[in-house]
1. So which residues in region 318-349 are touching a Leu at 6+ places or on another chain (Cβ under 6 Å) and either under 18 Å from Phe262 (Cβ atoms) or in a loop (DSSP other than H, G, I, E, B) (or both), if there are any at all?
2. Take the conditions within 30 Å of Glu8 (Cα to Cα), more than 16 Å from ligand 1 (Cβ to nearest atom) and crowded, with 21+ Cβ neighbours inside 10 Å and apply them to Leu97. Does it pass?
3. Checking Gln86 against (1) away from ligand 2 (no atom under 16 Å from the Cβ); (2) assigned to a loop (DSSP other than H, G, I, E, B); (3) more than 23 Å from Ser188 (Cβ to Cβ); (4) of a type in the set (S, T, N, Q), which test does it fail?
4. Quick check: anything in region 145-152 in a loop (DSSP other than H, G, I, E, B), touching a helix residue (DSSP H, G or I) at 6+ places or on another chain (Cβ under 9 Å) and free of Cβ contacts under 8 Å to residues at least 60 places away in the same chain?
5. Based on this model, can you work out whether Arg152 counts as farther than 15 Å from Arg183 by Cα, crowded, with 22+ Cβ neighbours inside 10 Å and more than 16 Å from ligand 2 (Cβ to nearest atom)?
6. For region 164-184, how many residues meet the condition of being more than 16 Å from ligand 1 (Cβ to nearest atom), surrounded by 14 or more Cβ atoms within 10 Å (Cβ to Cβ) and not in a helix (DSSP H, G or I)?
7. From the residues in region 254-279 that are within 31 Å of the chain's Cα centre (by Cα) and loosely packed, with under 11 Cβ neighbours inside 10 Å, which one is farthest from Asn342 (Cα to Cα)?
8. In this structure, does Tyr83 turn out to be closer than 23 Å to Ala149 by Cα and either more than 24 Å from the chain's Cα centre (by Cα) or polar (S, T, N, Q) (or both)?
Amino acid sequence: MDNNKFVEVKNLRKVYDNGHEAIKNVSFSVKKGDLVCLLGPSGCGKTTILNILAGLLNPTSGEILFDGKSVVNVEPKDRHIGYVFQNYALYPHMTVLQNVMFPLIVGKNKKSKPEAQKIAEKYMELTQITELADQKPGNLSGGQQQRVAIARALVQEPKILLMDEPLSNLDARLRLKIREEIRSLVKSVGITTLFVTHDQEEALSIGDKIILFNDGVIQQDDLGENFYLEPNNYFVANFVGNPVIDNFKVTKTDDELQGTDFTIKIADLDESRFKRSIPNGEYLLSVRPENIVPASDGILNVKVDDVELIGRERILKFTHDDSQSRSLINLEVPVNHGDQVNLKMRLDRVFLFTPDGERVY
Ligand SMILES: Nc1ncnc2c1ncn2[C@@H]1O[C@H](COP(=O)(O)OP(=O)(O)O)[C@@H](O)[C@H]1O
Ligand SMILES: [Mg+2]
């Protein structure tokens, strides 16, 4: 038994009947008690993976182990999994209490009604829905339905909890509140959780680690901060961050990176950050807006198109190479719409990508 590999997925592939390869040789593991976020754009394969873990869908090939044991041939009901579906899937004709008790009073290990009610009440208290016991789902708000779905997923005390975009039906304010509640709930129960989301900010805020997918392939499996500081490739750098990263076309020569109207000396880059030695040619230089700031010795002279206030900071927007770029500045920096400013890049924080997205610096 290896608690670092409480859930282990090896070389998983899923080709749907129509020939679409939704999961392409995916391997990852989840530590016992961790809350791991599966992150990625719509259609990247997140729900497919949850359904395969739950046993609702057969993989085309690959291995899945829970606590060191293969579950590929284990029935869904014997996998000890709780699943919160994206649409909650509550039973509309049943009360909240009946919904939460339901998994306990069906199947071969069913409990007596009083026993089932006692367990249900414990999880209704944990999810703060005790006072809704006699309501029908149709009378509940989205946030309340969400709690009922979570309580129902937890009553059988599963070993693994799967949640598929559980906050996507809630309004923005409630999302912030409930994501914190979910994290503290799963941590207090101690259950190993896979939480699916397409929202990078949500993943960064609650995940012990994040696995970012695109088109059925893992792009990065890492701690949240590394998605900012050390993105594996161009896709990762552009998927994570708010505001999004700025990209500039550059041509590398022996001594310089030449942008359309700026030049960076290779000697000013941090030599130790190069992943490999790279030939001269075309590259993309990417800089997070917080690392491109007004400075008297700036290398990029731009006209400010717009300045947007976002709480404690401002986003300075400018057009470069016909596309919009941004600089994140604090409130005190005196810059206004229409100003001409010099911008400096933090060269120890920029990234260089090849045209096919490989990170080389
Ligand atoms: N039953 C199916 N048959 C064929 N293709 C499917 C089926 N279900 C999902 N897909 C496709 O597989 C890909 C991954 O889908 P899904 O796992 O639902 O993505 P996500 O949850 O990340 O949005 C998508 O391109 C989707 O259109
Ligand atoms: Mg999905």
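1. The first filter runs over region 318-349 and keeps only residues touching a Leu at 6+ places or on another chain (Cβ under 6 Å), leaving 327, 329, 335, 343, 347.
Correct list: Ser327, Val335, Leu343, Leu347.
2. So Leu97 fails the test.
3. The number of the failed condition is (1).
4. Restricting attention to region 145-152, the residues satisfying the condition of being in a loop (DSSP other than H, G, I, E, B) are none.
No, because not a single residue in region 145-152 is in a loop (DSSP other than H, G, I, E, B), touching a helix residue (DSSP H, G or I) at 6+ places or on another chain (Cβ under 9 Å) and free of Cβ contacts under 8 Å to residues at least 60 places away in the same chain.
5. Values: farther than 15 Å from Arg183 by Cα: yes; crowded, with 22+ Cβ neighbours inside 10 Å: yes; more than 16 Å from ligand 2 (Cβ to nearest atom): yes.
Yes, satisfied.
6. Matching residues across region 164-184 total 1.
7. Arg276
8. On the way: closer than 23 Å to Ala149 by Cα: yes; either more than 24 Å from the chain's Cα centre (by Cα) or polar (S, T, N, Q) (or both): no.
No; evaluated as a whole, the condition is false for this residue.
Taken together, the values in this text are just the output of simple stated rules run on the coordinates, not laboratory data. Bear in mind the structure is a predicted one, so any value in this text is a computation, not a measurement. In this analysis, Cβ positions are derived from the backbone assuming ideal geometry, glycine residues included, and neighbour counts consider all displayed protein chains.
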